[in-house]
Each structure stands twice: as C-alpha cells, then as structure tokens.
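Beneath this line is the structure, given in structure tokens, with notes to follow.
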Amino acid sequence: MKHKKHLDFELNLIPFIDLLSTCICFLLITAVWMQVGSLNVKQAVGGQPAAETEKKPTAWIYMEKDGSVTFDVKDSQTLRADLRKSTVPAKAGKLDLETVNKLAADLRTVEPSLKTALIQPKAETSYEDIISLMDTVKKAGLGDLGVVPL
C-alpha cells in the first residue's frame, strides 16, 4: 500500500510580515530625512552666459594674512574711486570689524543696489575670521554672500 503525500502545505507568514514591517518603517524614516536634508542652492557667479548677465554692483572682499581687509566694488556707476577700492587695516593683528561694518554701511548708503559680497580669504585665514567677517557684512546690509575658493 502506497502512502499518499499531503498536498496541503502551511507557510509560516509571521517572519515575512516582520521583515516587511521593518522595511516599511525604514522607508518612512529615510523619506523624512530626505525632506529635511535638502538645501536650495544656486550658483552665484558663472551660472549663465555673459550676454544674459545683468551687471549688478558686487563687492569683492579680499582677506590678507595680517588681518587687513580690502574692499573692491565692481560694476558700480555711482561710487567714487576712493570708495570703490578701500582697505581696512588690521587692529593688533586681528580683523577690525567695527571699521569693516562702517565701510560696508557707507558703501550701501552710496550704492543702494549693492547687495552681493564675495569674500576671498587667504589659505592662512582662520575659519573664525571668515565667519565673523560674513556676520559683520551681512549686518551692514550685504545679504547675498559667497566665499570664493582659493
């Protein structure tokens, strides 16, 4: 007499459901991180052809090793030559943030359309000095800031 095999087979679905629930939780968590981690960035200089670029005044700020800062305003029609390129000497080897603030505010008063500042530090410039300069210039009214690579 032959034994008949059972054709009914029970599949244990509990481990499969556990795995799916874990994958769904992981998916939901990473989807939230993708939303929080996004940042709206655009290229400030050189993102469009030169013919389409509107000439707006831009302040180039050069940071020197000794702590002095040189302002060079380009594409301005109303600034005098002495204000267009001016240097703030260092005070005891450090940035003179008060004088920088006053100079930036004077530039904004004479040229109201000046809103962009590009900071070009030297390789030896400390990160703290760059951030302090950015804060000072932003408080003076130059809201569009950028740091030019070395």
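Restricting region 67-87 to residues that are within 25 Å of the chain's Cα centre (by Cα) and of a type in the set (Asp, Glu), which is modelled with the highest pLDDT? Among those that are within 25 Å of the chain's Cα centre (by Cα) and of a type in the set (Asp, Glu), it is Asp72.
Out of curiosity, is Ala90 at pLDDT below 70, more than 15 Å from Ala140 (Cβ to Cβ), over 24 Å from the mean Cα position of the chain (by Cα) and hydrophobic (A, V, I, L, M, F, W, C)? Judged against the criteria, Ala90 is not a match.
Can you confirm whether Val45 is under 30 Å from Gln77 (Cα atoms), modelled with pLDDT under 60 and within 23 Å of the chain's Cα centre (by Cα)? Considered against the rule, which asks whether it is under 30 Å from Gln77 (Cα atoms), modelled with pLDDT under 60 and within 23 Å of the chain's Cα centre (by Cα), Val45 comes out as yes.
Residues of region 92-124 being surrounded by fewer than 19 Cβ atoms within 10 Å (Cβ to Cβ) and among the small types (Gly, Ala, Ser), which ones? Across region 92-124, the qualifying residues are Ala92, Gly93, Ala105, Ser113, Ala123.
Looking at the structure I just gave you, is Ala104 among the aliphatic types (A, V, I, L, M), closer than 19 Å to Glu64 by Cβ, touching a helix residue (DSSP H, G or I) at 6+ places or on another chain (Cβ under 9 Å) and in a helix (DSSP H, G or I)?
Details: among the aliphatic types (A, V, I, L, M): yes; closer than 19 Å to Glu64 by Cβ: yes; touching a helix residue (DSSP H, G or I) at 6+ places or on another chain (Cβ under 9 Å): yes; in a helix (DSSP H, G or I): yes.
Answer is yes for this residue.
In region 48-55, is there at least one residue being modelled with pLDDT of 85 or more and small (Gly, Ala, Ser)? Checking region 48-55: not a single residue is modelled with pLDDT of 85 or more and small (Gly, Ala, Ser). List pairs: first in region 85-111 and at positive phi, second modelled with pLDDT of 85 or more, Cβ under 6 Å, 6+ apart or cross-chain? What qualifies is Gly93/Gly67.
The values are calculated or read from the model by the stated rules, or taken from the named source; none is laboratory data. Note that this is a predicted model, so its numbers are computed, not measured. Ideal geometry is used to build each Cβ from the backbone, glycine not excepted, and the neighbour counts take in all protein chains shown.
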